[in-house]
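Have a look at the structure below, then the notes.
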Amino acid sequence: MLGGMADLVLTLLGPDKPGLVELVADVIAAHGGNWVESRMSHLAGKFAGLLRAEVPAERVAAATSALHALEGRGLKVTVEEAARAETLGATNDMELELIGLDRPGIVREISQLLAGNGVNVEELTTNRVSAPMSAEMMFQARAHVRVSPATDVSKLRADLERLASDLVVEVKLTPVDPDGLP
């Protein structure tokens with residue numbers, strides 16, 4: 001680990017055009033920073049992203065100012081300094097997969113159930129696709145979740161099965177080994 005580094009979490013939003021990632025990467029590099037992890041996507045004609053970068057602590061203010069200045073180039077950037085990651089104790093990482101006919105409220109229903117069981121959603125990816133035979137819209141979700149050691153996993157599975165039946169969706173919850181492999 002590098003000493004004297006600060007974690008910055010950025011959200012990015014702008015018109016989808018070439019060079020936006022380069023603009024952000026240039027600012028981070030110019031301030032001695034390191035691009036650590038990101039999720040970027042094209043959504044409804046917009047470029048949207050999440051990014052974590054490490055920047056020397058003494059350069060956080062200057063980097064933040066330079067990132068905010070990108071708004072003049074059409075890119076809205078929000079910057080938050082995050083606490084350095086600490087080990088949170090033993091947890092169970094799991095993958096949750098869901099597929100079913102699309103309807104409003106699916107994400108709300110699943111997220112309420114997870115929160116009610118002490119499960120933290122670490123990463124969530126969703127999509128709508130056309131069903132192969134019927135052309136009906138199907139909703140797909142994949143989530144990496146962190147289950148606290150205090151959570152009753154058998155109750156969580158039973159709650160998910162009951163909700164899946166109510167929503168007419170398929171849900172699968174599988175453990176992930178410590179190396180991140182399902």
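The values are calculated or read from the model by the stated rules, or taken from the named source; none is laboratory data. Note that this is a predicted model, so its numbers are computed, not measured. Here the Cβ positions follow ideal geometry from the backbone for every residue, glycine too, while neighbour counts run over all protein chains shown.
Some points to look at:
- Filter result for Val36 (free of Cβ contacts under 8 Å to residues at least 40 places away in the same chain, outside any helix (DSSP H, G or I) and in the same structural domain as Leu156 (by TED's automatic domain parsing)): no
- Listing of strands (runs of 3 or more DSSP E) fully contained in the range 101-182 that carry 3 or more residues being more than 22 Å from Arg39 (Cα to Cα) and of a type in the set (A, V, I, L, M): 137-147, 169-175
- Which listed residue, of Thr11, Thr78, is within 27 Å of Arg128 (Cα to Cα), of a type outside the set (Lys, Arg), assigned to a strand (DSSP E or B) and modelled with pLDDT of 95 or more: Thr11
- Residue satisfying condition, being touching a Phe, Trp or Tyr at 6+ places or on another chain (Cβ under 7 Å) and more than 23 Å from Val119 (Cα to Cα), within set Leu20, Leu43, Leu75, Leu67: Leu20
Residue by residue, here is whether (1) surrounded by 12 or more Cβ atoms within 10 Å (Cβ to Cβ); (2) of a type in the set (Lys, Arg); (3) under 11 Å from Gly14 (Cβ atoms); (4) under 19 Å from the mean Cα position of the chain (by Cα) holds:
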residue: Glu37; (1), (2), (3), (4): no, no, no, yes
residue: Gly49; (1), (2), (3), (4): yes, no, yes, yes
residue: Ala53; (1), (2), (3), (4): yes, no, no, yes
residue: Pro56; (1), (2), (3), (4): yes, no, no, no
residue: Ala63; (1), (2), (3), (4): yes, no, no, no
residue: Gly72; (1), (2), (3), (4): no, no, no, no
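- If the condition is being over 15 Å from Val107 (Cβ atoms), out of contact with any helix residue (DSSP H, G or I) (no Cβ under 7 Å at 6 or more places or on another chain) and aliphatic (A, V, I, L, M), then the range 127-173 contributes Val129, Ala131, Met133, Ala135, Ala150, Val153, Leu156, Ala158, Val168.
- The single condition from (1) touching a Pro at 6+ places or on another chain (Cβ under 6 Å); (2) surrounded by fewer than 17 Cβ atoms within 10 Å (Cβ to Cβ) that Met94 fails is (2).
- Which numbered condition Val21 misses (of (1) more than 22 Å from Val145 (Cα to Cα); (2) in contact with a strand residue (DSSP E or B) (Cβ under 6 Å, 6 or more places away or on another chain); (3) surrounded by 11 or more Cβ atoms within 10 Å (Cβ to Cβ)): (2)
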